[in-house]
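Worksheet for the structure shown next.
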Amino acid sequence: MVLPSKKDFKISLEVFAIFQWALSAFVIVITVIAVNLYLVVFTPYWPITVLILTWLAFDWKTPERGGRRFTCVRQWCLWKQYCDYFPLKLLKTHDLSPSLNYIVACHPHGIMSHSWFGHFATEMSGFSKTFPGITPYVLTLGAFFWVPFLREYVMSVGACSVSQSSMDFLLTRRGTGNMLMVVVGGLAECKYGLPGSTTLFLKSRTGFIRMALRHGVALIPAYSFGETELYNQYIFTPGGFINRFQKWFQSMVHIYPCAFYGRGFTENSPGFLPYARPVTTIVGKPLPLPKIENPSKKTVAKYHAIYVDALRQLFDQYKTKFGFSEAQELVVT
């Protein structure tokens with residue numbers, strides 16, 4: 001009988017960490033729906049479902065009021081395997097003062113934003129050591145907080161809703177030393193999640209600029225080199241049936257249904273796990289913004305242009321270190 005080596009065991013743990021993260025939301029949603037339907041339809045225990053829904057209604061605003069993080073969950077050893085799988089590396093260019101609040105605009109979204117989760121929803125890439133005194137809040141879609149138990153799991157790692165009221169609360173009611181992480185491109189940027197891509201869905205995304213101006217907090221550009229290398233996509237014929245369906249679907253729900261693929265449970269097998277490729281995230285220099293409670297469209301556009309220039313400078317400064325040519329440019333659409 002041949003026992004697996006320490007290296008094989010380590011790789012297996014890393015694959016499991018990625019697999020469970022990718023499927024946890026789906027499994028929890030299906031389980032919650034199935035169990036509660038069973039309780040209501042086939043058993044006399046329907047009051048359990050009523051109690052769950054009552055608690056959900058009572059606790060509905062929590063994701064917009066700072067969430068409910070648990071440090072022990074952020075420090076799970078499972079996340080160490082998650083970060084080691086790629087591996088993920090976090091680098092800062094400037095120290096941040098805990099006496100201020102910040103909004104970090106994260107680029108690119110990629111397919112599943114693996115780097116942003118690993119860096120800011122866990123402690124396993126060294127966030128607290130890199131940014132002492134700073135508390136990260138990963139802002140994500142409100143839909144993640146609609147399902148009982150899933151919402152608890154998501155909030156436990158420090159995630160909150162990306163809504164305006166949530167950001168207002170974090171920037172005014174939680175003191176200082178708060179860092180709000182916003183993956184600006186969102187799901188609309190998934191279609192650009194291709195190896196070698198440097199295209200960002202950013203031109204029409206101005207809400208984070210408006211929010212930073214309203215509260216007078218510094219904006220920080222951050223770029224993950226390697227995030228778009230983690231999956232491939234099937235590119236369908238422009239104007240064809242599937243391509244037209246993708247565009248129609250995106251126009252309806254603002255989500256681009258890309259046909260992505262990666263590796264399987266073994267290195268050379270096909271599947272939907274990300275490729276094990278290194279991802280390095282560079283957190284740039286804070287960009288101070290004035291406090292303007294009701295900024296005009298012209299003012300927002302002005303500071304949006306300033307932000308885009310700062311992001312381009314960050315990308316240009318580091319691009320050749322991560323496999324891009326000197327001539328490669330950051331494309332903003």
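The values are calculated or read from the model by the stated rules, or taken from the named source; none is laboratory data. A quick note: this is a predicted structure, and the numbers were derived from the prediction, not measured. Positions of Cβ are backbone-derived with ideal geometry, glycine not excepted, and every protein chain shown enters the neighbour counts. Just so you know, the surface numbers come from the protein's heavy atoms only, side chains and all, with ligands and any DNA or RNA stripped out. Shrake-Rupley method; radii C 1.70, N 1.55, O 1.52, S 1.80 Å.
Computed quantities for the displayed model
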read-out	value
Accessible surface, per residue, of the stretch 160-298 when the full set of protein chains is kept, probe 1.4 Å, Å²	48 Å²
Charge dipole magnitude, Cβ of K and R +1, D and E -1 - the stretch 262-311, Cα centre, debye nearest 20	220 debye
CD proxy at 222 nm, helix term only [per DSSP H run n ≥ 4: -39500 (n - 2.57); per residue of the chain; nearest 500]	-12500 deg cm²/dmol
Three-way shape call for the stretch 1-110 based on the alpha-carbon gyration tensor, with the a/c threshold at 1.5	oblate
The stretch 180-333: projected area of the alpha-carbon convex hull, averaged over directions, in nm²	11.0 nm²
Carbon/sulfur fraction of accessible area - the chain, other protein chains in place, 1.4 Å, %	65 percent
Selection from T228, L171, G196, by position along the positive dipole direction of the stretch 137-274 (Cβ)	L171
Contour minus Cα-Cα distance for T320 and S269 (0.36 nm per residue)	15.3 nm
Heavy-atom surface of the stretch 1-153, accessible at 1.4 Å and reported per residue (Å²)	55 Å²
Hull-based mean projected area of the stretch 35-167, where the convex hull spans the alpha carbons, in square nanometres	10.1 nm²
Sites excluded, GluC sites (Glu not before Pro) in DSSP loops with at most 15 other C-beta within 10 Å, longest stretch of the chain	1-266
Approximate shape of the stretch 134-200 as ellipsoid semi-axes (Cα gyration tensor, √5λ), whole Å, largest first	24, 17, 11
Computed log₁₀ I(q)/I(0) - Debye formula, equal Cα scatterers, no solvent, the stretch 31-70, q 0.30 Å⁻¹	-0.93
Too-long pairs where the Cα-Cα distance tops 18 Å, listed order kept, from K191/K297; K203/K297; K203/K298; K89/K319	K191/K297
Computed magnitude of the charge dipole of the stretch 176-297 (debye, nearest 20; Cβ of K, R +1, Cβ of D, E -1)	460 debye
Kirkwood-based Rg to Rh ratio, the chain, C-alpha trace	0.98
In the stretch 38-74, the chymotrypsin sites (Phe, Trp or Tyr not before Pro) that fall in loop regions by DSSP, at most 15 other Cβ within 10 Å	Y45, W60, F70
Cα centre as origin, Lys/Arg/Asp/Glu Cβ charges: the chain dipole, Debye	580 debye
Separation between Cα centres of the stretch 272-289 and the stretch 82-134, rounded to whole Å	8 Å
